[in-house]
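Structure first, commentary second.
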Amino acid sequence: MEKTLNRIHPVSDPEATYFLQVSWEKDLGTGFGLLLSDCQCAWTGTVSEADISKEAAEIEMDREKYVEELRKALIAGEESAGRYNFVIS
């Protein structure tokens, strides 16, 4: 299993710091787990392969392109800094 951990500052609260851990087996396209923490609370979730396919279809984006955008937004870290915004709600 592979994992990444990134520090994020959501646009919804730029002064706050969150940590986002993403874990996956083969690649993000086969599904992944998320753990989000503000160092006081933590939230977890999973995204299945079917969820990814459904979301890509809903936004009318090629599935492989959608998975690549997920990779950039969730695990690319510094190479994508400033290109993706997070909103915590």
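The values are calculated or read from the model by the stated rules, or taken from the named source; none is laboratory data. Since the model is a prediction, treat every value here as computed from it, not as a measurement. With ideal geometry, Cβ positions are generated from the backbone for all residues, glycine too; neighbour counts draw on all protein chains shown. Protein only, heavy atoms only, side chains kept; ligands, DNA and RNA dropped before computing areas. Shrake-Rupley method; radii C 1.70, N 1.55, O 1.52, S 1.80 Å.
Some points to look at:
- Per-residue ellipticity at 222 nm computed for the chain from its helices equals -7500 deg cm²/dmol, with DSSP H segments shorter than 4 residues left out and the rest contributing -39,500 (n - 2.57).
- Taken over the chain, the convex hull of the Cα atoms encloses 104 Å³ per residue.
- Helix 49-58 and the longest principal axis of the Cα set of the chain meet at an angle near 80°.
- With each label modelled as a point 7 angstrom along the Cα→C-beta vector, the Asp27-Ala57 pair spans 2.0 nm.
- Note on the chain: with charges restricted to the Cβ of Lys and Arg (+1) and Asp and Glu (-1), its dipole about the Cα centre is near 180 debye.
- Using a probe of 1.4 angstrom and keeping all protein chains present, the accessible surface of the chain works out to 69 square angstrom per residue.
- Length gained on full extension, Cys41 to Val87, computed as 0.36 nm times the residue gap minus the Cα-Cα distance: 14.9 nm.
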